[in-house]
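The values are calculated or read from the model by the stated rules, or taken from the named source; none is laboratory data. Computed from a prediction, not measured in an experiment: that's the story for all the values here. Virtual Cβ from ideal backbone geometry, glycine too; neighbours counted across all protein chains shown. Remember, those area values only see protein heavy atoms, side chains included, never the ligands or the DNA or RNA. Shrake-Rupley method; radii C 1.70, N 1.55, O 1.52, S 1.80 Å.
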Amino acid sequence: MRADIVLLPGDGIGPEIIAEARKVLDETARLFGHEFALEEGEIGGCAIDAYGDPLPEKTLEPCRKAQAILLGAVGGPKWDDPNAKTRPEKGLLKIRKELGLFANLRPIKPYAALIDASPLKRHIIEGVDILFVRELTGGIYFGDSRLGEENGEEVATNEMTYRTSEIERVVRVAAAAAQKRKGHLTSVDKANVLEVSRLWRRTAQSVVEKDFSDLNYDVVLVDAMAMHLISRPKDFDVVVTGNLFGDILTDEGSMLPGSLGLLPSASLGEGGPGLYEPIHGSAPDIAGKGIANPLATILAAAMMLRHSLDLSKEADAIETAVENVLNAGHRTGDIAGGGKSIGTVEMGELVLAELQKVAS
Ligand code: NAD
């Protein structure tokens, strides 16, 4: 198959980790007989430097036409001035909004070889396999906000709004994913307090009753979910929730496997390209040192092949290659636990070598 893919390295370690993912995509195309046309663009701080805009039209245009986008990370101290006209993160919010990427998928599945890197006990973490589906383009992050004064003191307000259609479409994505997994869907809300959550709960319930009645479906309050995620994470399969709760719970969940450097994510819309990225940031503290872990980005590339290009065999091959490299004991600094570690390029090369073995 032929596919147009846009690579957006971004800032900090972004260019280093995208370079390794690019090699893996090129090698996958060669091994499986595909043609991936890879085009690079600028987003975040580097785009502010070059164009004064964290997501210039020059970047957005090819993204609209592509089948999929692979992003490194954006941001860094250089662009942190709170009085600056714009910020790198605005590029991320804009690309999600412009491409209608309303569902963020984050798999949380610890690797057997790294179970001891988890801050949780082995018996709690072994066997965990959760897919978070977070609503990404609505809720409080996109609501009106005001800063004013009342009775001589400052008052700040952020509005949280969800429409039925916004809830329905993300619950559908989560429910369809649950059907392909263990058939268990959990919806997380705060319906005991928030009106928005009461609409969320009613809507999710009716989508499941109408079209996904085969699922084992339950609802959990967000505060309880924060506890369950630590005490009994094995009990969950697919978890769907709104933007704010999802932001917090997915970061909590990302700690279960013990390293940020191993977790990919996908942001999907209705038709159009999907956006794939590691969940970690631009790690400015280690940028340019050649020690960043490229595996989350390589795994994001595998997710991209599976979800946007329907290339499951190729995605499986990359994921198996990564698992084999970890099983063989190779580690970048972030997952070495103080032991022997290798650099970004060496890790990428090991994955390539393993990919060749898996595909042959
Ligand atoms: P971070 O994820 O960049 O780094 C947190 C810690 O994890 C750092 O010590 C870093 O060195 C380490 N780390 C992260 N990824 C790693 C990797 N692949 N290999 C090895 N170690 C890794 O989070 P932060 O420090 O809070 O944020 C840094 C910058 O990234 C900020 O400007 C922030 O706004 C931005 N950020 C961007 C995104 C994104 O682009 N999606 C997400 C989060 C943060």
Worksheet item: Restricting attention to the stretch 299-307, does a residue exist that is assigned to a helix (DSSP H, G or I), open to solvent by 40 Å² or more (accessible area, probe 1.4 Å) and of a type outside the set (Gly, Ala, Ser)?
Response: yes
Practice prompt. Would you please list the contacts, defined by Cβ atoms under 8 Å and residues six or more apart or on different chains, that run from a residue in the stretch 206-235 that is within 14 Å of residue 186 (Cβ to Cβ) and not assigned by TED's automatic domain parsing to the domain that holds residue 183 to a residue that is part of a helix (DSSP H, G or I) and of a type outside the set (A, V, I, L, M, F, W, C)?
Written response: none
Item to complete: From the list 91, 52, 33, pick out the single residue that is in the same structural domain as residue 313 (by TED's automatic domain parsing) and crowded, with 19+ Cβ neighbours inside 10 Å.
Response: 91
Discussion item. Please determine whether any residue of the stretch 336-352 is closer than 17 Å to residue 286 by Cβ, within 16 Å of the ligand (Cβ to nearest atom), modelled with pLDDT under 95 and buried (at least 19 other Cβ atoms within 10 Å of the Cβ).
Written reply: no
Discussion item. Against the condition open to solvent by less than 40 Å² (accessible area, probe 1.4 Å), more than 16 Å from the ligand (Cβ to nearest atom), over 17 Å from the mean Cα position of the chain (by Cα) and among the small types (Gly, Ala, Ser), how does residue 315 come out, does it pass?
Written reply: no
Worksheet entry | Set 78, 23: member being within 12 Å of the ligand (Cβ to nearest atom), more than 19 Å from the chain's Cα centre (by Cα) and either assigned to a helix (DSSP H, G or I) or of a type in the set (D, E, K, R) (or both) | 78
Practice prompt. For residues that are part of a loop (DSSP other than H, G, I, E, B), of a type in the set (A, V, I, L, M) and farther than 21 Å from residue 51 by Cα, tally how many sit in the stretch 86-112.
Written response: 1
Worksheet item: Which numbered condition trips up residue 114, out of (1) buried (at least 16 other Cβ atoms within 10 Å of the Cβ); (2) at pLDDT 95 or above?
Response: (2)
